[in-house]
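*Asks:* For reference, the structure I am asking about is given below.
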């Protein structure tokens with residue numbers, strides 16, 4: 001829903017040589033959804049090799065640490081949807097009134113069809129950042145709990161902490177960038 005979507009889709013369209021919107025959209029969404037998982041897989045594989053054979057395999061790392069990133073994912077999703085709620089949410093009342101007017105109810109009622117957002121841009125961005133950071137903190141807590149449960153050696157513990165925290169920080173940084181992009185999928189009535 002960001003303004004960069006059309007740029008990405010044009011690039012994919014030129015690479016695969018088709019202008020079919022369905023095919024290009026499908027490939028775009030598959031790439032966007034699978035990219036973080038592939039990066040996490042690579043991080044787990046690299047960590048497993050870095051820790052050595054006696055510590056944890058890639059599969060064990062994937063199975064145990066993927067769950068730690070659920071709070072971060074929820075925080076990212078909530079941060080995105082806060083914009084819908086506070087920026088586009090006020091449009092729900094006039095849109096409902098318009099539907100009722102078309103049905104013959106509330107014919108004499110005048111409504112502002114494009115009401116102002118409930119929160120300004122700076123406050124909205126701050127609320128989104130706080131939401132993402134909250135998810136990040138819960139993810140760090142879960143990483144700590146999982147590492148404690150797995151009884152990793154001190155060397156492996158430091159390596160795991162470094163790799164998993166680096167992945168989380170990278171995810172948060174990309175999210176802050178994406179939240180700051182203008183949305184192109186805004187609903188107007």
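*Asks:* Write out, first by first residue and then by second, each pair whose Cβ atoms fall under 6 Å of each other, whose residues are 6+ apart or on separate chains, and whose first residue, in segment 36-55, is on the phi > 0 side of the Ramachandran plot and at pLDDT below 95 while the second is surrounded by 15 or more Cβ atoms within 10 Å (Cβ to Cβ) and not in a helix (DSSP H, G or I).
*Replies:* none
*Asks:* Moving to a separate point now. Name the pairs whose Cβ atoms lie under 7 Å apart, with the first residue in segment 77-89 and at pLDDT 80 or above, the second part of a helix (DSSP H, G or I) and surrounded by fewer than 18 Cβ atoms within 10 Å (Cβ to Cβ), and 6 or more positions between them or separate chains?
*Replies:* Listed by first residue and then by second, the contacts come to 82/127.
*Asks:* Can residue 80 be described as part of a helix (DSSP H, G or I), at negative phi and surrounded by fewer than 17 Cβ atoms within 10 Å (Cβ to Cβ)?
*Replies:* No, not satisfied.
*Asks:* Identify, by number, the condition in (1) more than 14 Å from the chain's Cα centre (by Cα); (2) assigned to a helix (DSSP H, G or I); (3) surrounded by 17 or more Cβ atoms within 10 Å (Cβ to Cβ) that residue 45 doesn't meet.
*Replies:* In the conditions (1) more than 14 Å from the chain's Cα centre (by Cα); (2) assigned to a helix (DSSP H, G or I); (3) surrounded by 17 or more Cβ atoms within 10 Å (Cβ to Cβ), residue 45 misses (3) alone.
*Asks:* Would you say residue 133 is modelled with pLDDT of 90 or more, within 14 Å of residue 179 (Cα to Cα) and surrounded by 12 or more Cβ atoms within 10 Å (Cβ to Cβ)?
*Replies:* Against the criterion (modelled with pLDDT of 90 or more, within 14 Å of residue 179 (Cα to Cα) and surrounded by 12 or more Cβ atoms within 10 Å (Cβ to Cβ)), residue 133 qualifies.
*Asks:* Which number in (1) surrounded by fewer than 16 Cβ atoms within 10 Å (Cβ to Cβ); (2) modelled with pLDDT of 70 or more marks the one condition that residue 111 misses?
*Replies:* (2)
*Asks:* Another question, then. Is it fair to say residue 58 is under 17 Å from the mean Cα position of the chain (by Cα), surrounded by 14 or more Cβ atoms within 10 Å (Cβ to Cβ) and without any contact (Cβ under 8 Å) to a residue 60 or more places away in the chain?
*Replies:* Answer is no for this residue.
*Asks:* Determine whether segment 28-37 contains at least one residue that is under 30 Å from residue 154 (Cα atoms), touching a helix residue (DSSP H, G or I) at 6+ places or on another chain (Cβ under 8 Å) and surrounded by 13 or more Cβ atoms within 10 Å (Cβ to Cβ).
*Replies:* yes
*Asks:* Restricting the search to segment 150-163, which residues are in a helix (DSSP H, G or I), in contact (Cβ under 8 Å) with a residue 60 or more places away in the chain and surrounded by fewer than 18 Cβ atoms within 10 Å (Cβ to Cβ)?
*Replies:* Within segment 150-163, 150, 155 meet the criteria.
The values are calculated or read from the model by the stated rules, or taken from the named source; none is laboratory data. All values derive from a computational prediction rather than experimental measurement. Virtual Cβ from ideal backbone geometry, glycine too; neighbours counted across all protein chains shown.
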